Amino acid sequence: MKTVVNIRVNGVEQSHEVEPRTLLVHFLRDCCRLTGTHVGCETTICGACTVLFEGKAVKSCTLLAVQADGSEVTTIEGLAADGRLHPVQEGFWERHGLQCGYCTPGMIMMAVQLLERNPKPTREEICHAIEGNLCRCTGYSHIIDAIEYAARKIAEVKK
Amino acid sequence: MSAVKAKGYFGKPMKRIEDPRLIKGIATYVDDITLPGMLHAAVLRSPYAHARINNIKADAAKASPGVVGVFTGADVNDKCGLVPCASPMPDSKIPKHTVLASDRVYFVGHPVAVVVAVDRYAARDALDFIEVDYDPLPVVSDAEKALQKDSPLTHPEFGTNVAFTWSVANGGLNAAFKRAHRVIKQRMVHQRLTPMAIEPRGCVAAWHAGEGTLTLYTSTQIPHLVRTLLPGMIGVPENKIRIVAPEVGGAFGSKLNLYAEEALCSHLAQRLGAPVKWIESRRENAAATIHGRDQIGDYEVAVKKDGTLLAIRSKTLADIGAYCQLNTPAIPTLTGLMLTGCYKCKAMRMDVVGVYTHKMATDAYRGAGRPEATYVIERLMDIIADELKLDPVKVRLKNFPKPTEFPFDTLTGLTYDSGNYQGALKKAQQISNWNKLTRQRDEARKSGKLFGIGLSTYVEICALGPSKMMSAGGWEWGCVRIEMSGKVTVITGATPHGQGQETSFAQIAADQLGVPIEDIVVMRGDTAVAHYGRDTYGSRATVIGGTAIVMCIDKIIAKARKLAAHLLDTKEKSVEFRGGKFFVKGKPKKALTWKQLAPEAYVAKNIPKNWEPGLEASSFFEPPNCTYPFGTHIVAVEVDRDTGEVRIVKYVTVNDCGYQVNPLLVEGQVQGGIAHSIGQALFERTVYDENGQLLTGEFMDYAMPRAKDIPQYLMDSTVTPSPSNSMGIKGVGEAGTIGATPAIANAVMDALSPLGIRHLDLPLTPEKIWRAIAPAKVK
């Protein structure tokens, strides 16, 4: 028995008929064809599937699409929607914050939330914020550098 | 060309060309591929480590909604060949490892049946309707127990659990041990590790019935080797197979294999006439993608009282799991070859026994045999210093070959190409503020703290390697084409999966051709584009693949010089090429650029006599030797007496990988490698219980480092060029993982030394340290 789920994804109304058990990440990837959100563990540990759900960073692999019905979701594809990179994306590029890129969308979404809540985080605060996001390539140092870069960039723009 | 002084693009810390698609979420990994009519496969795996399969009932699964087919070993094993092992030893006993289990399963995760359905949910649902009648059989999950007389057998048909034996020896071992002032013995366990790339494995197979051709998109490091090996399994000839490695989400050696599922999906796509996708779950990845390490060694060193190393002897058990994947037997041989590390030694011997147990196969995991060697020799250096009451720095300096002794022939038959081990050590000591650091340790100890300093001076073998060392060729292939527009296409047979060669190869090509880097596109990972290649592993891609590209460009320049001479109405030898321009010597104003030459080369109306149109060249680079990067890690740690927790308070590393094409990428590789070492040294261990059940089958149970576990690094490099290639480069992908682990271990053991604790095996978890401290405290 399928049900219609309506989610506003990156500012676009998405309406798809899915099984009630469909995970949000599969709604995004399979129905909306937004494949930037990745699946790494299916158990909320690795954070590769992190998206902004009503503005909050959540793991979309353990949220049902029906739970997100009527809500607003931002994925990695929605960050540079106006064609310009978000400062966090820019930071990851400038500071070599990624290698294989698989964890990167989730890591970036988590960092976006961090900087919205705490515009001037310390390295410790950054580490704490991305504790739920695993990266096996970079060894995290450059990711932390990237988020610090983004924080500075956002502060400059606000001046 | 220099790592320090950037000239052109080479040596510049440039941000990566591949990044925009990755940070925007618009790159294409294998699970992002959807083909018309595509079906989804899910694999049923054994819950037992060892069992007889009496019967499989699949009728209910076949009737499950959306299911197209259910296949067992009886359905596919006669049509789909055995999973290959490319590096058997002369005495290897290789079990017939079919793509699906036939009458017996021999590790948890062993594929038993496959469901193909219209979507991934339907496929997974149907797995629950397959009834397998198993008779559990006795299990052995411990290599030492596996060698006992009454042990259960992993493969009863062999009558033994010994999979193979291998030895390397040189020099007068007995004489050296007799001559020694001291013989020091230590047993060390190299725990089993799980690579855990964040993207699990997966593939999409498409059969093109009209042409009789197969396209396999697969998350692999080795599309070319898969293309070489797959025909033997599925009966489709090599020239009708195209392998595509799209974006690959991390590998670390775990995707340096041809796996059962790749062959199975290729077969099923052909059989069902529809594309078949299979994406591994994390639990499957932990259980049925190769593991790494898992050696147990008894080591003995013979030393003089001044710390001079005379000989090293090792008896090693390699617990290889239940069968041989592509390179399983080769891994411990790399340990043997590098066992003497960066030290002179008079004699050595290593005897390896490969042992079958009811566990997943081991194979190449980042470092692949070399981390074991470095860990052993660097731990032994510290133990020697400790026993002889010598300074660990001085013991190392005493045994290093001098920079003038390179090329340096080792006892194991290798020739270290170039080195200055003293230079890297000295620089690391300077950066660490060594004297102050040792005073800090003294003061910390006075105040009752457990503070330790650890050192590792490593050398590794990279750029694998000359073809005579490799089972399927050790060259690399490249192709460079100046397009008609003057734009440049660089094609490499290497298969980067995060290392950044789309950038570093563009840097190399831009300098050599004298064109802006924006004019260059680097293509890789598709056998229809990169016709030949030996792919990416063993820190080989930049060195061997990059040199192949330089060779292509040399050919193109030589060819273009003839065309330029013709167009400039002069002799070939009068033409100079500089800064991307061809001109008559001394007359640079009247020059021809690539953009001017290229259309002439392709329109071909005004070309020299007997000059073949086009500006394209391909090359195979056969390296004359491997390369031997080296360096020093200095780590300071503090151990919490109450919890056993290790905190890294200082981390210094100086690495020498010859000239650096892109120092930013080098830094990234080193840092990433060290993170794997932090995991190995402090947290990670793949655990099977005595029944062969995998207890670390999830990220929840397998403790990989998180951001908070990473120290801030003080990093630098020295530059000792390699004479083995024209760019003087060495490779760096595994350096961090090879060099760092012993430095961290040595630091922790130094911290615990006041308690009389000499050695603990990795990982040095808080619990293990706390348990070791507790009785020591009572003393």
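The values are calculated or read from the model by the stated rules, or taken from the named source; none is laboratory data. On a predicted model such as this, the values are computed, not experimentally measured, just so you know. With ideal geometry, Cβ positions are generated from the backbone for all residues, glycine too; neighbour counts draw on all protein chains shown. Note: accessible area is taken over every heavy atom of the protein model, side chains too, but ligands, DNA and RNA are not part of it. Shrake-Rupley method; radii C 1.70, N 1.55, O 1.52, S 1.80 Å.
Summary table below
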{"read-out": "Amide N of the stretch B:713-749 lying under 20 Å from the label point, which is placed 7 angstrom from the Cα of B:Asn433 along Cα→Cβ", "value": "B:713-717"}
{"read-out": "Test item: B:498-509 mean partner chain Cβ contacts at 10 Å", "value": "1"}
{"read-out": "Inverse mean reciprocal Cα-Cα distance (Kirkwood Rh) of chain B, Å", "value": "27.7"}
{"read-out": "C-alpha center-to-center spacing [the stretch B:206-273, the stretch B:144-184] in angstrom", "value": "38"}
{"read-out": "Within the accessible area of the stretch B:309-433 (1.4 Å probe), percent carbon and sulfur", "value": "52"}
{"read-out": "C-alpha center-to-center spacing [the stretch B:708-755, the stretch B:61-91] in angstrom", "value": "42"}
{"read-out": "Cα-based Lys proximity count in the stretch B:676-779, under 30 Å, for pairs eight or more positions apart or on separate chains", "value": "4"}
{"read-out": "Calculated SAXS-style log₁₀ I(q)/I(0) at q = 0.13, 0.19, 0.22 Å⁻¹ - the stretch B:1-105, Debye, Cα scatterers", "value": "-0.81, -1.11, -1.26"}
{"read-out": "Rounded if a/c under 1.5, otherwise prolate or oblate - the protein assembly as shown, Cα gyration tensor axes", "value": "rounded"}
{"read-out": "Other protein chain Cβ atoms within 10 Å, averaged over every residue that makes up B:668-677", "value": "5"}
{"read-out": "For B:Met38, net neighbour charge (Lys/Arg +1, Asp/Glu -1) across residues whose Cβ lies under 11 Å away", "value": "+1"}
{"read-out": "Efficiency of FRET from Cβ geometry, B:Asp689 and A:Asp69, R₀ 41 Å, rounded to 0.05", "value": "0.45"}
{"read-out": "Shielded by partner chains, the stretch B:231-258 residues - at least 30 Å² of accessible area, 1.4 Å probe, vs chain alone", "value": "B:Phe252"}
{"read-out": "Shielded by partner chains, the stretch A:109-155 residues - at least 40 Å² of accessible area, 1.4 Å probe, vs chain alone", "value": "A:Arg123, A:Cys127, A:Glu131, A:Leu134, A:Arg136, A:Cys137, A:Gly139, A:Tyr140, A:Ser141, A:His142"}
{"read-out": "DSSP-assigned coil residues among GluC sites (Glu not before Pro) in the stretch B:599-693, each with at most 12 further Cβ atoms within 10 Å", "value": "B:Glu690"}
{"read-out": "Under 30 Å between alpha carbons - lysine pairs in the stretch B:148-292 that sit 8 or more apart or on different chains", "value": "4"}
{"read-out": "Accessible area, probe 1.4 Å, largest first, for residues B:Ile56, B:Ile241", "value": "B:Ile56, B:Ile241"}
{"read-out": "Proximal aspartates and glutamates to B:Lys555, defined as alpha-carbon separation beneath 17 angstrom and excluding residues fewer than eight positions away on the same chain", "value": "B:Glu476, B:Glu483, B:Asp511, B:Glu572, B:Glu576, B:Glu612, B:Glu616, B:Glu622"}
{"read-out": "Accessible surface of the stretch A:95-144 [probe 1.4 Å, protein heavy atoms]: carbon and sulfur percent", "value": "50"}
{"read-out": "Gained length - B:Thr160 relative to B:Met700, 0.36 nm times residue gap less alpha-carbon distance", "value": "190.8 nm"}
{"read-out": "Accessible area (Å², 1.4 Å probe, nearest 10) - A:Arg33", "value": "110"}
{"read-out": "Residue mean of other protein chain beta carbons inside 10 Å, A:13-26", "value": "1"}
{"read-out": "Protein-only accessible surface order, largest first, of B:Lys449, B:Lys609, B:Lys426 at 1.4 Å", "value": "B:Lys609, B:Lys426, B:Lys449"}
{"read-out": "Relative contact order, percent, chain B [alpha-carbon distance under 8 Å, six or more residues apart]", "value": "15"}
{"read-out": "The stretch A:46-93 - accessible surface per residue (Å², probe 1.4 Å)", "value": "38"}
{"read-out": "Exposure of B:Ile26 as accessible area (Å², to 10), given a probe of 1.4 Å and all protein chains", "value": "110"}
{"read-out": "Estimated [θ] at 222 nm from DSSP helical runs (n ≥ 4, -39500 (n - 2.57)) normalised by residues in chain A, nearest 500", "value": "-9000 deg cm²/dmol"}
{"read-out": "Ellipsoid semi-axes in whole angstrom, largest first, where each is sqrt(5λ) of the Cα gyration tensor of the stretch B:577-652", "value": "60, 18, 14"}
{"read-out": "Cysteines (scope chain B) whose Cβ has no counterpart Cys Cβ under 4.7 Å", "value": "B:Cys80, B:Cys203, B:Cys265, B:Cys342, B:Cys345, B:Cys462, B:Cys479, B:Cys552, B:Cys626, B:Cys657"}
{"read-out": "1.4 Å probe, heavy atoms, protein only - residues of the stretch A:45-88 losing at least 20 Å² accessible area vs chain alone", "value": "A:Ile45, A:Ile76, A:Glu77, A:Leu85"}
{"read-out": "Set of the stretch B:304-318 residues, backbone N closer than 18 Å to the point 7 Å along the Cα-Cβ line of B:Lys402", "value": "B:308-309"}
{"read-out": "Helical mean residue ellipticity (222 nm; -39500 (n - 2.57) per DSSP H run of 4+; nearest 500) of chain B", "value": "-8000 deg cm²/dmol"}
{"read-out": "Centre separation in Å (Cα based) which lies between the stretch B:469-492 and the stretch B:521-573", "value": "6"}
{"read-out": "Square roots of five times the Cα gyration tensor eigenvalues for the stretch A:1-108, Å", "value": "25, 15, 10"}
{"read-out": "Share of carbon and sulfur in the accessible heavy-atom surface of the stretch B:61-133 [1.4 Å probe, %]", "value": "54"}
{"read-out": "Cα-Cα over 22 Å, subset of B:Lys304/B:Lys427; B:Lys304/B:Lys398; B:Lys394/B:Lys427; B:Lys315/B:Lys346", "value": "B:Lys304/B:Lys427"}
{"read-out": "Difference of contour (0.36 nm per residue) and Cα-Cα distance, B:Val189 to B:Lys446", "value": "89.3 nm"}
{"read-out": "For B:Tyr217, solvent-accessible area (1.4 Å; no DNA, RNA or ligand), Å²", "value": "50"}
{"read-out": "Under 15 Å, Cβ to Cβ, from B:Ala444 - net charge with Lys/Arg +1 and Asp/Glu -1", "value": "+4"}
{"read-out": "Residue-count net charge about B:Arg242 - beta-carbon cut-off 9 Å; Lys, Arg +1, Asp, Glu -1", "value": "+1"}
{"read-out": "Accessible area expressed per residue, chain B, with surrounding protein chains retained (probe 1.4 Å, Å²)", "value": "35"}
{"read-out": "Interface burial for B against A (accessible surface, 1.4 Å probe, total of both chains, Å², rounded to 100)", "value": "4400"}
